[in-house]
Amino acid sequence: MNKIYMDNAATTALSEKALDAVITKTKEVYGNPSSMHTIGHESAHVLVDARNMVAEVLNCSPDEVYFTSGGSEADNWALKAAAAYGKAKGKTHLITTTIEHHAILHTMKELEKQGFTVTYLPVDSEGLVTAKQVEEAITDETILVSVMFANNEIGTVEPIKEIGAVCHEKKVWFHTDAVQALGHIKVDVQEMNIDMLSASGHKFNGPKGVGLLYIKKGIRIGNLIEGGAQERGKRAGTENVPGIYGMAVALKDSVEIMDEENARLTKLCGKIMDSILTLPHTRINGSRTNRLPGNVNACFEGIEGESLLMLLDAAGICGSSGSACTSGSLDPSHVLLAIGLPHEIAHGSLRLSLGRFNTEEEVDYVIKTIPGIVERLRDMSPVWEDIMEEENK
Amino acid sequence: MEYSDKVMDHFMNPRNVGKMDDADGVGEVGNPKCGDIMKVYIKVKDNVIYDIKFNTFGCASAIATSSMATELIKGKTIEEALELTNKAVAEALDGLPPVKMHCSVLAEEAIKAAIDDYKSKQG
């Protein structure tokens, strides 16, 4: 049996167009874009094409797009450089949320060690933060607000446009980690009042090891890597031309099929969520309305997520979990705790993230397979035994 | 992270799973908050643990260590069972990833708790 891959929020398979772009440009365009000869110019032209394609999707100018090695690098750069700029102006306060990716949270922790103050805004039970919360947290000391576009675990889409508007009114920079959003839902940096935006190629069927940071003109942040004129001097190093081009092609392709794909994925995920909710003591995490179309996140009381994942894997289904055992620590997912779930329930979480290659047949198989596996684990769970005893009292 | 074939075998086909209504000793350790909890039931005759069952809420290595630990002490005397160490359980499974070693402690502790319960019932 073919494996059913439903971990597209972790990474995606290359689209045909992206694969073709990477292979073709790897074979045919090997020059250094900085060279002063025709072979080098060819590579430079490929980069220009890629930057134009990305800029068109983001609705920005090509010279506002800076290619990086991925989303984590872009996040680190945006936060650290903004903090340094703020410090020089006497501003040392940053604002973010409790449900960000660790590329943001760990960078914020590091900035705190360096003397910056960080406000971590709490979210509601669906994972939403409001523009009002942001507005109330901004002080005269605030340099930057960073709120993720969409959450990687529970799929909640934040009110980015409204938060951006508040930031601009208060003259504070606004960064968003759009790693899960770009290529999946509409992103427009002008309409949505975004000053900086991080994204990663491999989340929308592009290659790994390549991403981008959008930096609006007028946002004066420092260089990330010294040593060359690449990326307008801000990030030195010979460019990964085939990777960058592959990402741009993947992005363009994703945006072209977005409306159709979103309708299809919303329907498929809705089907999975509705079927999970027919099982007793289960819940769907996140928002049913402000949600990434391909995200399913559920908790099954009485069982532990890693066991669930491994039995699903044995049945040919690849997903992920926010249990402690999969997070590499003793605590379950910070996102599930932030939306108010108790530890014991958060341990039993399952994330299925669907993408363009998933089919209705696969969804039907998943729906058919989950109940038996859940029952098998509950049958051997002393926690489930307690839940049942409590219920039958 | 990958598990050994033995861990996978004991996870996929756990031995001695179940409950006992007439156990001579029951031990429960762990905490659902931490993500793993194990309950062990033993039957004892002439100082020998002749039957044992377990229920576990936890990750694959928690279930596999529960299974292996019950297999290791089934048919052993109380004194022999008390000598079981988490290291021996992990070794019998061809090793556990370092971050999972704490799971093997759970099995050792659950068996000790069941024996304590048995002893206290004996008076």
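The values are calculated or read from the model by the stated rules, or taken from the named source; none is laboratory data. None of the values given here were measured: they were computed from a predicted structure. Every residue, glycine as well, gets a Cβ built from its backbone with ideal geometry; the counts of neighbours run over all protein chains shown. Areas reflect the complete protein model, heavy atoms only, side chains present, ligands, DNA and RNA absent. Shrake-Rupley method; radii C 1.70, N 1.55, O 1.52, S 1.80 Å.
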> What residue, of A:LEU94, A:LEU128, A:LEU121, A:LEU111, is farther than 22 Å from A:ALA81 by Cα and aliphatic (A, V, I, L, M)?
Replying inline: A:LEU128
> Yes or no: A:GLU42 free of Cβ contacts under 8 Å to residues at least 24 places away in the same chain, surrounded by 17 or more Cβ atoms within 10 Å (Cβ to Cβ) and not hydroxyl-bearing (Ser, Thr, Tyr)?
Replying inline: yes
>> If I filter the range A:373-393 down to residues being part of a loop (DSSP other than H, G, I, E, B) and either closer than 14 Å to A:GLY348 by Cβ or within 12 Å of another protein chain (Cβ to nearest Cβ) (or both), which single residue comes out as nearest to the chain's Cα centre (by Cα)?
In response: A:SER381
>> Being of a type in the set (D, E, K, R), within 14 Å of chain A (Cβ to nearest Cβ), more than 30 Å from A:LEU337 (Cα to Cα) and within 10 Å of the chain's Cα centre (by Cα): is that true of B:LYS53 here?
In response: yes
> For A:TYR120, are the conditions met, namely being more than 24 Å from the chain's Cα centre (by Cα) and among the aromatic types (Phe, Trp, Tyr)?
Replying inline: no
> When the residues of the range A:339-372 are filtered to those that are in a helix (DSSP H, G or I) and open to solvent by less than 30 Å² (accessible area, probe 1.4 Å), which remaining residue is farthest from B:MET38 (Cα to Cα)?
Replying inline: A:VAL363
> For the range A:281-305, what are the residues that are within 14 Å of chain B (Cβ to nearest Cβ) and open to solvent by less than 10 Å² (accessible area, probe 1.4 Å)?
Replying inline: A:CYS299, A:PHE300, A:GLY302, A:ILE303, A:GLU304, A:GLY305
> Hey, any hits in the range B:40-59 for a residue that's farther than 19 Å from B:LYS121 by Cα and aliphatic (A, V, I, L, M)?
Replying inline: no
>> assigned to a loop (DSSP other than H, G, I, E, B), aliphatic (A, V, I, L, M) and modelled with pLDDT of 95 or more: is that true of A:LEU14 in this structure?
In response: yes
>> Every residue in the range A:30-39 that is part of a loop (DSSP other than H, G, I, E, B) and farther than 16 Å from A:GLN230 by Cβ, please.
In response: A:TYR30, A:HIS37
> So, of the residues in the range A:240-254 that are open to solvent by 10 Å² or more (accessible area, probe 1.4 Å) and either out of contact with any Asp or Glu (no Cβ under 9 Å at 6 or more places or on another chain) or basic (Lys, Arg) (or both), which turns out to be nearest to A:LEU350 (Cα to Cα)?
Replying inline: A:LYS252
>> Within the range A:260-271, does at least one residue satisfy the condition of being under 27 Å from B:ALA64 (Cβ atoms) and either within 14 Å of chain B (Cβ to nearest Cβ) or in contact with a helix residue (DSSP H, G or I) (Cβ under 9 Å, 6 or more places away or on another chain) (or both)?
In response: no
> Which members of the range B:57-71 meet the condition of being over 9 Å from the mean Cα position of the chain (by Cα) and either of a type in the set (S, T, N, Q) or more than 12 Å from chain A (Cβ to nearest Cβ) (or both)?
Replying inline: B:SER61
> Name the helices (runs of 4 or more DSSP H) wholly within the range B:1-106 that hold at least 2 residues that are open to solvent by 20 Å² or more (accessible area, probe 1.4 Å) and over 24 Å from A:ASP379 (Cβ atoms)?
Replying inline: B:78-82, B:86-92
> Between residues in the range B:12-32 that are away from chain A (no Cβ under 12 Å) and residues that are open to solvent by 60 Å² or more (accessible area, probe 1.4 Å), which pairs lie under 8 Å by C-beta distance while being six or more apart or on different chains?
Replying inline: B:ASP24/B:LYS121; B:GLY25/B:ASP116; B:GLY25/B:LYS119; B:GLY25/B:LYS121
>> I'm told A:SER333 meets every condition in (1) in contact with a strand residue (DSSP E or B) (Cβ under 8 Å, 6 or more places away or on another chain); (2) at pLDDT 95 or above except one. Can you identify the failing condition by its number?
In response: (2)
